[in-house]
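Below is one structure, written out as structure tokens, with a few remarks after it.
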């Protein structure tokens, strides 16, 4: 009898080798030990846009035909998944740098007495006045900065239009950015970011439901619907109406919840089974536990809390104890400008109390799940080959070097892009 022919090994296009460690983030969140899937002296083989194999270099070379692979030398470096920024307001007009600088030493009222417009509505006015080409030209360099800091996928919300045409304009810019840039854009409709002052509130809620959501869905401009559920913004009932309308139309739900008050947004997230709930500074333990049971990803954003001087920074050990999957975002926005996921990780560890492994998992696989994505955020066979190489010897070194951008190179869909 003829001997069986061994199956052909997959052919690798790229081999990332020589790493001090590969941090795969592929272990389950509840796995014993660190849970970040750290492989000392690891290597990664890539074929097309997918990971073929990961492990020791000997294992990877045995699993794949690497004879013609382009070699990425990661000698002495960390290899990690590309970051997924789970929460941004990437597209906006104008700048609020004068407001930010003035608010460092003055109250909001004192700043407004100086004739400086403040808050969301200041950005709405500037955004409405700019055309799509201008908004696109401003947002593209922001994405370049994000890519240089290791981000390979980013969620991007509308919400600085607050009328039908302006909200659609922002989402159309999201689409152009997704089509033109290496970073993948996950587009979220957030017409319920604030209330335009010239409209009765309930009438505007009706407009979001009856006019905006149908247009967004008809034009395929977003996969998610988000709402700012907090005191002074959208009530529980208003938020429920909008999110349920989005769900009925095919938009998955996200929610800005309990950032400035214990309104019950976390409970609403659990009731509706939103994909994510973000901020959560005032959400009680019982609400966090209900969210965990419902599979809601809690998105942590320490940089915006730092930028606004939030009076109640999150103690994320409570999130871990509640059993929540945690995501991480920069909350890049006019009120708190940061493009750096490494800095967000560093703050999440020192300020919010996550371990380095927990923070990196949040910035990768947790954030991917907050965006409804299961094909990225980890280095595992079959996953999208979104990788980054850091110029530090360990994950702990990255967390320790506060403010340092460790990213030496970025691989997106199996190609070196930065």
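List of remarks:
- Order of 312, 415 - criterion: other Cβ atoms within 10 Å of each residue's Cβ, fewest first: 312, 415
- Evaluating kT/(6 pi eta Rh) at 25 °C and 0.890 mPa s, with the Kirkwood radius of region 83-370 over Cα pairs in the Stokes-Einstein relation, gives 131 µm² s⁻¹.
- For the chain, the longest principal axis of the C-alpha atoms and the axis of helix 285-294 are separated by about 60°.
- Annotation: for a label point projected 7 angstrom from Cα along Cα→Cβ of residue 306, no residues of region 167-183 have a backbone N closer than 17 Å.
- Alpha-carbon centroid distance for the pair region 284-319 / region 336-409, whole angstrom: 18 Å
- Springs join every pair of Cα atoms under 10 Å in this Gaussian network model of the chain, and among 338, 239, 95 the largest mean-square fluctuation is at 95.
- Tilt relative to the chain, helix 164-180 - C-alpha long axis, 0 to 90 degrees, to 10: 20 degrees
- Degrees separating the helix 341-350 axis from the principal Cα axis of the chain, which is the longest one: 80 degrees
- Across region 83-370, the mean sequence separation of Cα contacts (distance under 8 Å, 6 or more residues apart), normalised by length, yields a relative contact order of 18 percent.
- In the chain, the DSSP beta bridges split such that about 40 percent are antiparallel, to the nearest 5.
- Relative contact order (%) - criterion: Cα under 8 Å, at least six apart; region: region 110-258: 19 percent
Since every read-out is calculated from the coordinates, none of them should be taken as a lab result. Bear in mind the structure is a predicted one, so any value in this text is a computation, not a measurement. Ideal geometry is used to build each Cβ from the backbone, glycine not excepted, and the neighbour counts take in all protein chains shown.
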